[in-house]
Amino acid sequence: MELRLTPVQVRNRLILVARRIVADHRLDAEGICRTCGVLHCEALAAARGYLARVEEPRRPLVVEIHRRAAVPPPGVTATELRIAAAALPSDAES
Ligand SMILES: [Zn+2]
């Protein structure tokens, strides 16, 4: 039985381990790691650094809706849409 992991599987397992490290190495009110008992927890810093590089940022839902709304419907050009938007009263834009 082949036990080799694909690069995606390795990445996903590293993400799970890093998340577990972040959960386990919580800091107390003074910034001291509850697991290691030190002020600057290297495990926590490494896990957070890894996650910051590999995890995809979650886009706010508002941005997704805005992008879809910005695509003109079939038969309408972007210029026509811009002209129509400019004709709207200013309080209707928000
Ligand atoms: Zn720690």
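Overview of values
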item	result
Subset of the range 22-40 [assigned to a helix (DSSP H, G or I) and within 9 Å of the ligand (Cβ to nearest atom)]	Asp24
The range 16-39 residues that are under 21 Å from Arg53 (Cβ atoms) and touching a residue at least 12 places away in the same chain (Cβ under 8 Å), paired with ones that are more than 8 Å from the ligand (Cβ to nearest atom) and not small (Gly, Ala, Ser) (beta carbon under 6 Å, 6 or more apart)	Ala18/Tyr50; Ala18/Leu51
Positions within the range 41-55 being more than 15 Å from Leu16 (Cβ to Cβ), away from the ligand (no atom under 15 Å from the Cβ) and of a type outside the set (A, V, I, L, M), in sequence order	Arg53
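Only the coordinates and a few stated rules stand behind these numbers; no lab work does. Not measured: the values here are computed from a predicted model. Quick reminder, even Gly has a Cβ in these numbers, built from the backbone with ideal geometry, and neighbours come from all protein chains shown.
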